[in-house]
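Enquirer: Right, I'll just put the structure down here and ask away after.
The values are calculated or read from the model by the stated rules, or taken from the named source; none is laboratory data. What you see is a predicted model, and the numbers here were worked out from it, not measured in a lab. Neighbour counts run over all protein chains shown; Cβ positions are idealised from the backbone, glycine included.
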Amino acid sequence: MAEPHTEQRMNPLASKLIDAVGRTVHGKQDAIELAVITLFAGGHLLVEDLPGVGKTLMARSLALSLDLPFQRIQCTADLLPSDLIGAQIYHPRTGELTFREGPVFTSVLMADELNRTPPRTQSALLECMAERRVTVDRETYALPDPFFVIATQNPLTAAGTYMLPDNQLDRFLLRIELGHLDPEFEVDVVGREDGHRMADKLEPVATSDDLLSARDAIDAVRCDRELVAFVVELANRTRTSNDFIQGVSTRGAQALHRACRARAFVRGRDFVVPDDLRALIVAAWSHRLTARAGANTDALLEDLLAGMRLPD
């Protein structure tokens with residue numbers, strides 16, 4: 001069994017979700033919380049890690065805990081855009097074309113090893129992620145609401161990978177790593193029942209209506225203008241710093257602001273505090289920046305934040 005989340009003021013819905021997913025994804029409470037923050041914020045999540053650390057299990061468990069439709073796509077070098085979004089199908093007997101929906105027509109989409117598929121197929125997800133719709137042969141089809149993408153990315157040193165373009169990376173609200181378990185947790189995981197079989201037994205702890213209500217509540221979370229101005233100043237520093245090839249976009253600044261409001265809601269508050277920014281800056285910006293000379297982006301971001309005085 002997963003340990004219950006210890007945050008006393010945790011939002012009840014968030015606490016139930018984190019604990020439910022923690023029953024299958026053992027020892028990764030912090031990563032699960034970041035996934036829930038992304039889901040509540042209405043964003044998408046990028047998970048960069050090695051195979052076999054629980055990425056698919058976390059996505060599936062989230063969907064099951066909310067009773068949401070779930071689809072998983074295994075991205076490969078021969079995957080076509082139509083394999084993702086669907087295609088017009090011709091019927092010889094009637095001479096008509098009908099649209100066959102692809103797997104993106106779901107609420108929780110797991111795009112596994114996204115950087116193993118060519119750029120043309122990667123780009124098929126851009127409209128889906130940004131506008132929650134699909135356009136095929138000049139016809140536009142709305143995707144379900146909620147629509148949440150969890151994409152995984154192999155390390156770029158792995159064979160057969162294509163670098164994700166900046167405009168696609170910018171569509172992910174947060175980027176996380178799961179990493180290997182601590183030995184004490186790994187002993188439990190290795191010796192217990194298979195995680196996916198345990199996920200089959202998960203009962204929903206909330207509904208899609210609860211999720212949409214949470215998203216609306218996040219819109220009402222207060223973030224003082226001084227903190228917003230600090231986020232903008234921080235983004236400007238990345239643009240002028242010699243440590244980065246290019247800085248964070250306005251969309252990236254908006255993403256950090258939205259994620260901070262979602263974290264405040266998850267932590268049971270209706271206002272953002274500086275700790276929210278400290279906790280999320282790496283997850284919100286590390287995938288949006290490229291460090292010069294192979295430097296560590298995470299460390300540069302933490303140093304940048306440490307060198308500035310946060311508002312009280």
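Conditions tested, residue by residue: (1) surrounded by fewer than 21 Cβ atoms within 10 Å (Cβ to Cβ); (2) touching a His at 6+ places or on another chain (Cβ under 6 Å); (3) under 18 Å from Thr117 (Cα atoms).
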site: Leu39; (1), (2), (3): no, no, no
site: Met58; (1), (2), (3): no, no, no
site: Leu62; (1), (2), (3): no, no, no
site: Leu68; (1), (2), (3): no, no, no
site: Arg72; (1), (2), (3): yes, no, yes
site: Cys75; (1), (2), (3): no, no, yes
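Enquirer: Among the residues that make up region 98-118, is at least one of them part of a strand (DSSP E or B), of a type in the set (Phe, Trp, Tyr) and touching a Phe, Trp or Tyr at 6+ places or on another chain (Cβ under 9 Å)?
Expert: Checked region 98-118: at least one residue is part of a strand (DSSP E or B), of a type in the set (Phe, Trp, Tyr) and touching a Phe, Trp or Tyr at 6+ places or on another chain (Cβ under 9 Å).
Enquirer: Also: Would you confirm whether or not region 244-260 contains a residue that is farther than 24 Å from Met129 by Cα and modelled with pLDDT under 95? Give the derivation first.
Expert: First, the residues of region 244-260 that are farther than 24 Å from Met129 by Cα: 244-245.
Right, trim to modelled with pLDDT under 95 and you get 244-245.
Yes; the residues of region 244-260 include at least one that is farther than 24 Å from Met129 by Cα and modelled with pLDDT under 95.
Enquirer: Any idea how many residues of region 250-304 are in contact (Cβ under 8 Å) with a residue 60 or more places away in the chain, touching an Asp or Glu at 6+ places or on another chain (Cβ under 7 Å) and part of a helix (DSSP H, G or I)?
Expert: Going through region 250-304 one residue at a time, the tally reaches 6.
Enquirer: I would also like to ask the following. Could you give me the residue pairs with C-beta distances under 9 Å whose first residue belongs to region 1-25 and is surrounded by fewer than 18 Cβ atoms within 10 Å (Cβ to Cβ), whose second residue is at pLDDT below 50 and hydrophobic (A, V, I, L, M, F, W, C) wherever it lies, and which are 6+ apart or on separate chains?
Expert: Arg23/Met1; Arg23/Ala2
Enquirer: Would you say Leu256 is buried (at least 18 other Cβ atoms within 10 Å of the Cβ) and over 22 Å from the mean Cα position of the chain (by Cα)?
Expert: When the stated conditions are applied, Leu256 does not pass them.
Enquirer: How many residues does region 69-115 hold that are out of contact with any strand residue (DSSP E or B) (no Cβ under 9 Å at 6 or more places or on another chain), free of Cβ contacts under 8 Å to residues at least 60 places away in the same chain and within 16 Å of Asn154 (Cα to Cα)?
Expert: 1
Enquirer: Now a separate question. Run down Arg237, Arg267, Arg251, Arg215 and say which single residue is crowded, with 16+ Cβ neighbours inside 10 Å, of a type in the set (Lys, Arg) and within 30 Å of Gly294 (Cβ to Cβ).
Expert: Arg237
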